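To keep things clear, I will list the structure first and then write my remarks on it.
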C-alpha cells in the first residue's frame, strides 16, 4: 500500500531528493516562462495587437502541456520511491521540518513564489481581458 505522505520512519534516498529537486526546479522554470507569456499577452492587449495575443494563447497552451508533463514526472518519482503520487511540497516540507535539505527547500520556496506571481499576473490579465471584451462589445453595438 502506498502511503499518502512521506514516511518519516525511513531515510529518504538522495537519488529521490535530487530527482525531486530537479523536477520542482523544472516546474518553477515553466511557471516563470508562463508568467512572461502572460506579461507579453497584457502588452499585446494594450497595444491591440491581435496576432501577439493569439501567439500568447498558443505559447500558454504549449507551456501548460509541458507543466503537465513535469508534474507527471514528479508523480512518477513519488510512486517509484513508494510515496503517494500527489505528495506536494507542503507534505515534503512537513516530513523534513527544519531538516529539509537546503536545495530542496530553495526549489520548493522558489516554486511557491513563482506560482503566487503567476496567479497575480493571471488575475490582472483576466480583468484586463474582461474590460477589453466589454469595450469591444460596446463598439459592436454602436456599429449595429
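Any read-out appearing in this document is the output of simple, stated calculations on the displayed coordinates, not a laboratory observation. As the structure is a computational prediction, the values presented were derived from the model and not from experiment. Every residue, glycine among them, receives a Cβ derived from its backbone with ideal geometry; neighbour counts consider all protein chains shown.
Express in nm, to one decimal, how much length is gained between residue 54 and residue 119 on full extension, taking 0.36 nm for each residue of separation and deducting their alpha carbon distance.
21.4 nm
Grab the beta carbon distance between residue 129 and residue 22, set R0 = 35 Å, and tell me the FRET efficiency rounded to 0.05.
Efficiency for this residue pair is about 0.50.
Using only Cα atoms, figure out Rg for the stretch 14-138 and give it as a multiple of 2.2 N^0.38 Å.
Expressed relative to 2.2 N^0.38 Å, the Cα Rg reads 1.29.
Tell me the relative contact order for the stretch 14-138 as a rounded percent, counting alpha carbon contacts under 8 Å between residues six or more apart.
RCO, the stretch 14-138: 41 percent.
Mind sorting 42, 74 by how few other Cβ atoms lie within 10 Å of their own Cβ, fewest first?
Values: 42 17, 74 22.
Fewest-to-most ranking of 42, 74: 42, 74.
Go through 30-36, 55-61, 45-51 and give me the packing order, highest mean Cβ count within 10 Å leading.
30-36, 55-61, 45-51
How do 38, 122, 12 rank when sorted from fewest to most other Cβ atoms within 10 Å of their own Cβ?
122, 12, 38
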